[in-house]
Amino acid sequence: MVAELRRRAADASRQLDPGRRRSAGAYPTPEPLARRLVASVLDGWPARGPAPVVADPACGGGCLLLAAAEQLAADGLAPAAIVAHHLVGIEIDPAAAAVARQVLSEWCGGAATPRIVVADALRLDLHRWPAVPDVVVANPPFLGQLRVRTARPAGVPGGGPVGDVSTAYTDAAALFSVLCARALRPGGRAAVLVPTSLLASRDAAPTRGAVEAVAELRSVTAVDRADFAEVDLDLCLLLLAARAAPATDGSGPVGPTSWAARLLDDLPAVDRGTWTVSGTVGDQAAVYAGFRDAYYRLVPLVAEADAWPDAALPRLVTSGAIDPPGTDRRHRPVRFAKRRWVDPVVDLSAADAATTAWARSQLVPKVVVASQTRVVEAAVDAEGCWLPVPPVVSVVPHAAGELWAIAAVLLAPPVAAAARGELAGTGLSRGRVRLPAPWLRALPLPADDAAWAEGADALRAGDVAAMGVAMTASYGLAPPETQALVAWWRAESEGRGSAQ
């Protein structure tokens, strides 16, 4: 009977047509993942004292509440008491809420009716919840804010319990993480599924701060895509513990770095506070990325180089074509505009004035930096003949002679580790990061000029391994820290590969 109830709970959202389902972000939690999520907060619950009240603010057909009911029953609580007093659900879809109510009622043999509220939890004041929860579990809607079908309006009408952190680009799942933290009774626990992009993205910074003001981030664990195949996102599970009192002195939040770094168990320790630095990349170079519309303007202008044997046309450079210390397009085909290219060039003679002006601004000596990478990838365009495709970032030194020095900084092992630790989850998959221009602009420069020069010379000579050792030393790091960091960097570099 329980297996049939699980199926019905999961099917509550699957009954929606595909378009409505995507716009609602409604994806039922697979039963094994539901058990894992519930166990993460109920295992080891204090045996003394009353059993916990478990709430799900986006309960759908009741998958997570049913898993919680089963665990509470295994701990010795009577099914009727569990359903009547220890489960709270909030669900925006009346049909799904009705399924949750019926499934849980049948689970206890019809002896009790669960407290399921039909409402949008993001707009429902916390004092209107049926009970203050000890435990919150949530598989919230995953609504990409850059997609027309799933974007929600800016802010939360009427304020709601999370209105103070809601912006036009804040994913609903991020808002639910704040909601779950704020709903908890002091000492309570929450387990929330969220996209890994929440861990480090700029737009999620207010939500991370809001969560840590009222709760401690206990752990971040990755969710294998095979465990939740219906969602085409990299997900992770946040485990939160409510603080006894909100943090008001700034001591509570531990910052975005720890959120991202906790997802990576193979990352060497990186503490920027131990680096010896002087200035930033932005002090010595202009850093900028092209706008997305430039990508589309380039589409009709690209051709293979062999179609223009006598023309000196700029070479198109995508993230997938960037390999330190240079780019070898002849042996590394790339993808652009859903096509495979061997040696793409750009015919600007057919470009409009705006595209031509943008392209000319890019055709200068520079360092190009790939986006969506495992470690930082950069290459030197000494002649200024490469035309980077957004979101490739261009770094143009104020002095032309600093090209290799700036490239060495961008490729330094400490910088690679900092990027992974601070930006994990911002790329298209858990192992990749997106390198925004402001982050690169703020990178500190090493204070050891001699070691920095040695690293730049090694890079110019094509000795990337020697560059890595010298640049790690240039930031004042010493063995054994240097050895562990360089070993990690070399292993990651050997397996590098950009999203094209």
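Compactness of segment 383-429, taken as the C-alpha radius of gyration over 2.2 N^0.38 Å, stands at 1.39. Taking θ as phi - 60° and the Karplus parameters 6.51, -1.76 and 1.60, the scalar couplings of segment 67-78 work out to 5, 5, 4, 5, 5, 5, 5, 5, 7, x, 7, 5 Hz in sequence order, x denoting glycine and proline.
Using the Cβ of residue 181 as centre and a radius below 12 Å, the other residues enclosed give a net charge of +4, where K and R count +1 and D and E count -1.
Solvent exposure of residue 218, expressed as accessible area, is near 140 Å², computed with a probe of 1.4 Å over the protein chains only.
Under 5 Å from the amide H of residue 387 lie the amide H atoms of 315, 316, 317, each residue being 5 or more positions distant or on a separate chain, with H modelled from the backbone and absent for Pro and chain starts. For the peptides 346-354, 472-480, 208-216, the ranking by mean Cβ contacts within 10 Å, running from highest to lowest, is 208-216, 472-480, 346-354.
Derived value for segment 318-415: Kirkwood hydrodynamic radius 14.1 Å. Basis is the mean of 1/r over every pair of different alpha-carbon atoms. Sorted from longest to shortest, the spans of the Cα atoms of segment 348-398 along the three principal axes equal 36, 23, 15 Å. Local charge for residue 34 was computed over the other residues whose Cβ lies under 11 Å away, with Lys and Arg +1 and Asp and Glu -1, and equals -1.
Residue ranking by accessible heavy-atom surface, 1.4 Å probe, largest first, among 471, 1 comes out as 1, 471. Close amide H contacts of residue 136 (hydrogens built in the peptide plane, cut-off under 5 Å, sequence separation of 5 or more or a different chain): 55, 189, 190, 191.
Compactness of segment 35-102 is given as radius of gyration and Dmax, 11.9, 38 Å, from Cα positions. If you bin all the Cα-Cα distances of segment 366-444 at 5 Å, starting from zero, the percentages per bin are 3, 16, 28, 26, 16, 8, 3, 0. Karplus-derived 3J(HN,Hα) values for segment 371-381, using 6.51 cos²θ - 1.76 cosθ + 1.60 with θ = phi - 60°, are 10, 6, 10, 7, 10, 5, 10, 9, 9, 9, 9 Hz; glycine and proline are entered as x. Once the convex hull of all Cα atoms in segment 67-136 is built, its volume per residue stands at 81 Å³.
Here the translational diffusion coefficient of segment 355-500 follows from Stokes-Einstein with Rh set to the Kirkwood radius across Cα pairs; for 25 °C and 0.890 mPa s it amounts to 158 µm²/s.
Near the amide H of residue 286, within less than 5 Å, lie the amide hydrogens of 396, 398, all on another chain or at least 5 residues away, with H placed in the peptide plane.
The values are calculated or read from the model by the stated rules, or taken from the named source; none is laboratory data. Only a predicted model underlies this, so the values are computations on that prediction, with no experimental measurement involved. Note: ideal-geometry Cβ built from the backbone for every residue, glycine included; neighbour counts use all protein chains shown. Remember, those area values only see protein heavy atoms, side chains included, never the ligands or the DNA or RNA. Shrake-Rupley method; radii C 1.70, N 1.55, O 1.52, S 1.80 Å.
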